[in-house]
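Here the structure comes first, spelled out in C-alpha cells, and everything after it is commentary.
The values are calculated or read from the model by the stated rules, or taken from the named source; none is laboratory data. For clarity, every value in this text was computed on a predicted model and none was experimentally measured. All Cβ positions, glycine included, derive from the backbone under ideal geometry; neighbour counts span all protein chains shown.
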C-alpha cells in the first residue's frame with residue numbers, strides 16, 4: 001500500500017531495453033511498458049527526475065564466474081539490444097545509467113546523480129522483478145532511499161520469482177502499489 005511519496009522522488013526504470021523486453025516474460029510486456037510510460041509522463045509533468053537504466057553484462061566479472069548456467073557467456077548482442085524500448089519516451093535531460101550487474105547502484109554514478117538532485121525517494125519499475133528491480137532496491141534501501149514499487153510496471157521471466165519478490169521481499173524494502181495509485185499520490 002502506498003501512503004506517501006517524498007517531495008524529491010525520482011522514477012527509476014530498470015532494463016526496459018530492446019534485448020530484455022523481447023525475452024519470454026511472465027506478464028505481457030505491452031502492459032509493463034504502457035504503465036512505465038504513464039509513470040514517465042507523470043514524473044515529467046511533476047518536474048521530477050527520471051532515471052533510465054539499461055544493462056550491459058558483456059565483460060562483467062560475474063559473467064566469467066563458474067556457475068551451472070551462464071546465459072551471457074560468449075553471447076553476441078544485436079546492435080539495438082541496449083536501446084531503450086520505443087514505448088518509453090526518454091529525453092536528453094533524463095539520467096541514463098548503464099549497469100553491468102543486477103543493481104543499478106553497483107559501480108555506477110546513480111547514487112551521486114540522485115544526491116546532486118536532492119532525491120530522497122525512488123519509484124522503481126522494470127524487468128526483472130527478482131533481479132534488476134530487487135537488486136537495485138536492496139542497494140537503494142541500504143543507502144537510505146524511501147522506495148515505492150510500481151507492481152504493474154514490472155515483470156520477470158518466471159512468474160513464481162515475480163510473485164516471490166512482490167509478496168515477500170519488496171514489501172520489506174518499501175511500499176508497493178499500482179501505477180495509477182502512484183500517479184494519484186504524486187498528484
note = All-but-one check, residue 65 against (1) under 20 Å from residue 130 (Cβ atoms); (2) at pLDDT below 95; (3) touching a strand residue (DSSP E or B) at 6+ places or on another chain (Cβ under 7 Å), failing number (3)
Any hit, the range 14-28, residues being within 19 Å of residue 117 (Cα to Cα) and either assigned to a strand (DSSP E or B) or under 12 Å from the mean Cα position of the chain (by Cα) (or both) = no
message = Filter the range 141-164 down to the residues that are farther than 16 Å from residue 12 by Cβ and part of a helix (DSSP H, G or I) and list them by number.
response = 159, 160, 161, 162, 163, 164
ask   = Has the range 122-133 got any residue that is crowded, with 20+ Cβ neighbours inside 10 Å, more than 24 Å from residue 30 (Cβ to Cβ) and touching a residue at least 60 places away in the same chain (Cβ under 8 Å)?
value = yes
remark   = residue 103 passes all but one of the listed conditions (1) over 25 Å from residue 27 (Cα atoms); (2) assigned to a loop (DSSP other than H, G, I, E, B); (3) in contact with a helix residue (DSSP H, G or I) (Cβ under 9 Å, 6 or more places away or on another chain); the exception is number (1)
message = Any residue that is within 18 Å of the chain's Cα centre (by Cα), within 23 Å of residue 164 (Cβ to Cβ) and at pLDDT 95 or above - is there at least one of those in the range 72-85?
response = no
query = For residue 45, are the conditions met, namely being within 24 Å of residue 146 (Cβ to Cβ), free of Cβ contacts under 8 Å to residues at least 12 places away in the same chain, assigned to a helix (DSSP H, G or I) and more than 13 Å from the chain's Cα centre (by Cα)?
reply = yes
message = Looking at the range 119-127, can you tell me whether even one residue there is out of contact with any helix residue (DSSP H, G or I) (no Cβ under 9 Å at 6 or more places or on another chain) and not in a helix (DSSP H, G or I)?
response = yes
